[in-house]
Amino acid sequence: MLCARPEALVLLGALLTGSLDPAGAQDALSLPWEVQRYDGWFNNLRHHERGAAGCRLQRLVPANYADGVYEALEEPLLPNPRRLSNAATQGVAGLASLRNRTVLGVFFGYHVLSDLVSVETPGCPAEFLNIHIPPGDPVFDPDQRGDVVLPFQRSRWHPQTGRSPSNPRDPVRPWAPRLATNGVTGWLDGSSIYGSSHSWSDSLRSFSGGQLASGPDPAFPRLSQSPLLMWAAPDPATGRRGHQGLYAFGAERGNREPFLQALGLLWFRYHNLCAQRLARQHPDWGDEELFQHARKRVVATYQNIALYEWLPSFLPKTKTPPAYAGYRPFLDPSISPEFVVASEQFLSTMVPPGVYMRNASCHFRKVLNRSFGSSPALRVCNSYWIRENPNLNSTQEVNQLLLGMASQISELEDRIVVEDLRDYWPGPGKFSRTDYVASSIQRGRDMGLPSYIQALRALGLETPKNWSDLNPNVDPQVLEATAALYNQDLSRLELLLGGLLESHGDPGPLFSTIVLDQFVRLRDGDRYWFENTKNGLFSTEEIAEIRNTTLRDVLVAVTNVNPSALQPNVFVWHEGAPCPQPRQLTAEGLPSCVPLTVLNFFEGSGPGFGITIVALCCLPLVSLLFSGVVAHLRGRERKKLQKKGKESMKKEAAKDGVPAMEWPGPKERNYPVTIQLLPDRLQVLDRRLTVLRTVQLRPSQQVNLILSSNRGCRTLLLKIPKEYDLVLLFNSEEERGSFVQQLKGWAPGLHVAQMGEKELFRRAVTKQQRARILEIFFRHLFAQVLDINQADAGTLPLDSSQKVREALTCELSRAEFAESLGLKPQDMFVESMFSLADKDGNGYLSFREFLDILVVFMKGSPEDKSRLMFTMYDLDENGFLSKEEFFTMMRSFIEISNNCLSKAQLAEVVESMFRESGFQDKEELTWEDFHFMLRDHDSELRSTQLCVKGGRGGSGDIFKQNISCRVSFITRTPGGRSCPEGLGLPASEAPVLKKRFGKKTVGPPSRLYTEALQEKMHRGLLARKLQQFKRFVENYRRHIMCVAVFSAICVGLFADRAYYYAFASPPTDIAETTYVGIILSRGTAASVSFMFSYILLTMCRNLITFLRETFLNRYIPFDAAVDFHRWIAMAAVVLAILHSAGHAVNVYIFSISPLSLLACVFPNVFVNDGSKLPWKFYVWFFQTVPGMTGVLLLLVLAIMYVFASHHFRRRSFRGFWLTHHLYIVLYILLIIHGSYALIQLPSFHIYFLVPAIIYGGDKLVSLSRKKVEISVVKAELLPSGVTRLQFQRPQGFEYKSGQWVRIACLALGTTEYHPFTLTSAPHEDTLSLHIRAVGPWTIRLREIYSNPQSNGCATYPKLYLDGPFGEGHQEWHKFEVSVLVGGGIGVTPFASILKDLVFKSSLGSQMLCKKIYFIWVTRTQRQFEWLADIIREVEENDHQDLVSVHIYITQLAEKFDLRTTMLYICERHFQKVLNRSLFTGLRSVTHFGRPPFEPFFNSLQEVHPQVRKIGVFSCGPPGMTKNVEKACQLINKQDQARFVHHYENF
């Protein structure tokens, strides 16, 4: 408790006037006197705080600090305290007191001090004056390490003292040096018996009969327990700790040693004895009356014994207290720090190494030791904080200890302190022992005590002139050693050592003066002193009775011994007194002191701490593993659903199929196969009976069979010329034999040989080896065709092995030929091409045969290529190409597009081409006729190549198609009107094509796509970079500003908290304890709190949809809300990891910090009860609210972040949807985590409250919509797994084209909502969605809408709708020119936009948008046929040419070029003749390949030179939107029109 300001004390005193009931008990109102408060307050009615617990000490002499105010004097200004202890207080024990003072008087003095003062409790913030042990100290550094430091923590000090003179804090003086505070009341009021607070006293009372509470034995108080904060330091001899065996006393350190404990038991029993006597005398008194009367009498007796019996025996005979002259209210009785040191240090010189025990008949008993031996006395050094002393288990044994102390003569009153105190005093922190004298020296320096000479002068005492004048009884060598440490400067000699050196037999003049002055002030300034007749406590007769009561009387009353067993004054033993001691005790014959032990707070915790940290780090990995399992299960479910919707084609193996295991090669796993032997071929099938390989058998072929002759004879090798080998393993030799018999029947000319299995494997030509041979084959093939250097193509090995000979004579099978073209062996085109190239008809292509066909494609003219095609499809070889053969040729071309045209469509194409060329009357074409049909496409034929794949180790395709040879750009017509035109660039315009092998085909330079209408500015590199930067800032200024502001706030919060805890925080030692950890954890905590709070705003979809229509959309990119959400989330998780790392550092440091330090750091959690041991790391992690919630937060974050990853969302949206709802748990844990206030007051709510309210309101808006069921009007199952749902438009549902909604269908058994873009236009009466079945939810949705319930009419499951929500696509109308790019199902928002545009234009609405370019990127034209219907409708209604549509079919992009060229020719022919696409039936231009966005955008700049801003809106796969974004960024580097890109991925 700290002293309050005087103004508050006056007010408090006014409130407590009247009866002034300090005790606070109701029964006290009937007492005839004013009951003294337990906490010492209001003893002095003018200065209420004087003597109160928690108030500061009062100096007798001005302070002596290094800075005059606060900083204690240390080395080198003053000597090392351990060296001083060794020099001045070391000596021989066993010298008896000159005045025969007893040991009972010594420990009674300690008991009186515990009643008056307590300054040992460490202060907060923790400050240290550590004691550096000299190297080689025999007690503390026997190993001569030289680095031993005994911790010493400074005392509690008054907050109004210790400030600089320029910052006065003391209301009395202009400035005040640092002053310690007193932990107990500064009165002789029995606080060591009853406690220094009302609550402490209540915990000691039984509230029955006025007695103090006892344990099972009525003679002993109950054990210390939680509400009573008794000091519970560990036993330095055994290490035992805890409250077991410690009694509940009024003095906090009443259990320090059994001798002090015995005196506490004495006064405990005396109070209960008085209460029992009063109860017999006054049976009508209640508990409170009995307790207060007994307390009053006991305190008075205690005051009388302390002042009039003990003090005279302590002081010299010349120093006696003057007679009591009455209460002096203006006298300040406050305890002085000089008194604390003087009394404690003089008493310490009188403590013996052991204490006798005797009974009433003067028998000095043996005591038991821990080693089960016995000794004549209790060893002091082994008795500190002892639990359950075997010698003090009964009342009789306690009595024997008290009697023994009364008969035992103390040590000589001189400078010598026995080793039990000087070397084996209970130590602080991790040290079990410390030096009592050195600690006392440090305590004096901590209190700023003056020097010895300063104190003498201040008190008016004579000062010595030199060291020899101190005390003639002190050994000169001791004085010389002490003087040497002080550099012979007597003025530097400290008060404590000076007082000890001047003392011999009695306290010296300085100590005597200080002690007498203190007790006189305590007596005369105490309003409740028992001799004060004005306080109404006692009558004159009662006072006289109390004055005649001695400690002997108390002992006799309590122990019931014969008075003759004790001398009259138990504090002094005179000759002839009863029961003399056997001898003056020395350490001889006593147990040795248990030596120093050093605790390691972290001992045994290292592995567990490491495992815990690793486990926490592995939480994301565990979550990742779990998500992998979930994704796998969802994948299996998806596959099952997909299979369920398809018609299963069951394959049956042949009756003679033989199961075996195929060996694919070294270092690869075998796999099961089934071998089918058909009349003309051998087939290898996998588990699913899919054909893996087909081996054709020709009559002229020599087939070799090699059987293994060892290892179970289960392996065979089938060598077929010009194929890679087939190696099979069977379960047994019998199975292999059966198969060999079948094989002989299949191939009659089979040659069989045998060899070892190892040699068989070595000789086998595996598929990988065959691939390497083919790679060299192709390299040399192209080296000859393209005149490439032989070294660039690679060299053939020249050794004479069988494999090299096979490589030189390598011939391609039909399957290898098809694979080299990227086609299927059964394709009609492969059949025709292979038959044409296989001149010898042996079923294989030799090097020369392949070379001949390749030369035509690489170097041939258009005539050569058309003649080659003519010959390929002249099936009857009659020199003519019939219509049927022409139809077959076209059919082989159509195979590449998955037969995208029906037979009727293809027949129409053929008839149209014949009619256009004037051959409608011909049934057969000559080559000249055929070439005439291709007359307009020489450029395409000239650029036609053969796309041949390389082998392993190559760089992919040997000769890869130049996709830009057939791209579409926008050209200017003479009329100035822009129109789309799909052009296959002629060879003269093709860009320079770099070949793989360093050579290049050089053609004429390429021209611009359109004529340049603006003059290009030529700038330097720096100017270009600056322009690029300016354009980047212009494009993303809103994004940059929002990110910068948000980041600045986060950085500011981090810096604020970091600076606060590093430099400006209240004194709690947190920064000094864990500087890096606290800065990192607190700074990141503030930033994370802000991030996790305001991330909610990015998910307020309704609010964002509303705000994006306001002026704020000019400054805030609301369309980037989801991206901003992800950015905040990633930044927050990084900071959360740093926050956790900071706390990991904190936990480690806290786990090795002493309890005294933790009590300062966490005053609301820890109470320093002396037990030293800090919490283990697992307590911090798993047994505290912040720790456990922190671990749970890491777990929740790991789950949410892993399941929210792009990879997982695509595989299990339901998993993402469910785990992301853990945000509720996340915020609950965040609130709990921050509300425990370990370090600071809760602050998360400051950040969280406003966003939470906004988010809650937004969710309420969505919930109000979600409750409305929407009826589905129509459901259509469209091709490509697309389901069209048409449903009612809710009343008041207003939306814009390009917006999206979220729907749920309870019929699926789940309430999860999925987002889809509306494909209906705002003017339509119903809403529609096009949903592609790609995941379990959408597949099941398609299933339930495929079979509507029929009750007279079709009824569909109802939907729940949430939305609409805005996105960037709805901004299309804000640009004069907009480009819409849709890929796959990403075309859905543009369906609504196109319909909306045409509708508004038909009404003549004024729109800023004047032109829209719609680019549809699809794998095949059949993939989304429903969109073709919408585009067709747009084309029919678009009378103002607002929309220009370009369709790109990507499936044809990298296939065989000859067929692509022919399809391209057919498409252009169809467009020319019928003004519609061959594939889509639309007027829109169809292109083959991927759209070249950068050239396309460049052309737009030329077509629309007056437009400064063009909107680009893309939706589709991430790869496509990234390409669009990249093209926009490249174009925006130019100083022309700016392309603003909005995109959405699916």
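Below, the figures for the structure above:
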| item | result |
| --- | --- |
| Failed condition for G94, given (1) modelled with pLDDT under 95; (2) touching a helix residue (DSSP H, G or I) at 6+ places or on another chain (Cβ under 8 Å) | (2) |
| Among the residues listed as D189, D217, the single one being touching a residue at least 24 places away in the same chain (Cβ under 8 Å), farther than 13 Å from E252 by Cα, surrounded by fewer than 17 Cβ atoms within 10 Å (Cβ to Cβ) and among the acidic types (D, E) | D217 |
| Candidate set from region 367-402 (those that are surrounded by fewer than 16 Cβ atoms within 10 Å (Cβ to Cβ) and within 21 Å of H243 (Cα to Cα)); member that is farthest from the chain's Cα centre (by Cα) | S394 |
| Selection count, region 495-507, where residues are surrounded by fewer than 24 Cβ atoms within 10 Å (Cβ to Cβ) and closer than 20 Å to P450 by Cα | 1 |
| Selection count where residues are of a type in the set (A, V, I, L, M) and outside any helix (DSSP H, G or I), scope region 416-440 | 3 |
| Conditions (1) farther than 23 Å from D115 by Cα; (2) among the β-branched types (V, I, T); (3) open to solvent by less than 10 Å² (accessible area, probe 1.4 Å); number of the one not met by T463 | (3) |
| Meets criteria (under 47 Å from the mean Cα position of the chain (by Cα), buried (at least 20 other Cβ atoms within 10 Å of the Cβ), at pLDDT below 80 and farther than 17 Å from P1517 by Cβ) for G1363 | yes |
| Only one of A557, A577 that is farther than 29 Å from P426 by Cα, surrounded by fewer than 18 Cβ atoms within 10 Å (Cβ to Cβ) and in contact with a helix residue (DSSP H, G or I) (Cβ under 7 Å, 6 or more places away or on another chain) | A557 |
| Condition broken by W529, with the remaining ones in (1) crowded, with 22+ Cβ neighbours inside 10 Å; (2) part of a helix (DSSP H, G or I); (3) not charged (D, E, K, R) satisfied | (2) |
| Within region 1090-1146, considering residues that are part of a loop (DSSP other than H, G, I, E, B) and closer than 12 Å to E1367 by Cα, the one most open to solvent (accessible area, probe 1.4 Å) | E1109 |
| Some residue of region 1192-1199 being surrounded by fewer than 17 Cβ atoms within 10 Å (Cβ to Cβ) and either within 27 Å of the chain's Cα centre (by Cα) or within 25 Å of R1082 (Cα to Cα) (or both) | yes |
| Given (1) touching a residue at least 12 places away in the same chain (Cβ under 8 Å); (2) touching a helix residue (DSSP H, G or I) at 6+ places or on another chain (Cβ under 7 Å), number of the condition G429 does not satisfy | (2) |
| One residue from P125, P168 being open to solvent by less than 30 Å² (accessible area, probe 1.4 Å) and at pLDDT below 85 | P125 |
| Count of residues meeting criterion [open to solvent by 30 Å² or more (accessible area, probe 1.4 Å) and at pLDDT 90 or above] in region 715-736 | 0 |
| Hits in region 1429-1447 (condition: in a helix (DSSP H, G or I), among the acidic types (D, E) and open to solvent by less than 50 Å² (accessible area, probe 1.4 Å)) | E1435 |
| Checklist (1) in contact with an Asp or Glu (Cβ under 9 Å, 6 or more places away or on another chain); (2) modelled with pLDDT under 85 applied to A654, failing item | (1) |
| Filter pass, S334 being open to solvent by 10 Å² or more (accessible area, probe 1.4 Å), within 60 Å of the chain's Cα centre (by Cα) and within 25 Å of L57 (Cβ to Cβ) | yes |
| Considering residues of region 1397-1421 that are in contact with a Phe, Trp or Tyr (Cβ under 9 Å, 6 or more places away or on another chain) and modelled with pLDDT under 75 only, the residue surrounded by the most Cβ atoms within 10 Å (Cβ to Cβ) | Q1421 |
| A72 vs. criteria in contact (Cβ under 8 Å) with a residue 12 or more places away in the chain, crowded, with 19+ Cβ neighbours inside 10 Å and closer than 18 Å to D446 by Cα | yes |
| Checklist (1) farther than 22 Å from F761 by Cα; (2) not in a strand (DSSP E or B) applied to Q702, failing item | (1) |
| Enumeration of residues in region 103-123 that are acidic (D, E) and part of a loop (DSSP other than H, G, I, E, B) | E120 |
| Test: residue in region 35-53 that is modelled with pLDDT under 90 and either within 29 Å of L1158 (Cα to Cα) or open to solvent by 50 Å² or more (accessible area, probe 1.4 Å) (or both) | no |
| Selection count where residues are in contact (Cβ under 8 Å) with a residue 12 or more places away in the chain and either among the small types (G, A, S) or farther than 19 Å from F761 by Cβ (or both), scope region 705-734 | 6 |
| Residues that are open to solvent by less than 20 Å² (accessible area, probe 1.4 Å) and assigned to a helix (DSSP H, G or I), drawn from region 1376-1396 | G1384, G1386, V1387, T1388, P1389, F1390, A1391, S1392, I1393, L1394, D1396 |
| Region 1504-1546: number of residues that are open to solvent by 10 Å² or more (accessible area, probe 1.4 Å), in contact (Cβ under 8 Å) with a residue 60 or more places away in the chain and among the aliphatic types (A, V, I, L, M) | 2 |
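Rundown of residues vs (1) modelled with pLDDT of 75 or more; (2) touching a Ser or Thr at 6+ places or on another chain (Cβ under 8 Å), yes/no style:
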| site | (1), (2) |
| --- | --- |
| V1443 | yes, no |
| Y1464 | no, no |
| R1476 | no, no |
| Q1506 | yes, no |
| N1545 | no, yes |
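Residues are listed down the side, and each one gets a yes or a no for (1) open to solvent by 10 Å² or more (accessible area, probe 1.4 Å); (2) of a type in the set (S, T, N, Q); (3) in a helix (DSSP H, G or I):
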| position | (1), (2), (3) |
| --- | --- |
| G239 | yes, no, no |
| G254 | no, no, no |
| L263 | no, no, yes |
| L266 | no, no, yes |
| L273 | yes, no, yes |
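The values are calculated or read from the model by the stated rules, or taken from the named source; none is laboratory data. A quick note: this is a predicted structure, and the numbers were derived from the prediction, not measured. Cβ coordinates were reconstructed from backbone atoms using ideal geometry, including for glycine residues, and neighbour counts include every protein chain displayed. To get the accessible areas, we keep the full protein, side chains included, count just its heavy atoms, and leave off ligands, DNA and RNA. Shrake-Rupley method; radii C 1.70, N 1.55, O 1.52, S 1.80 Å.
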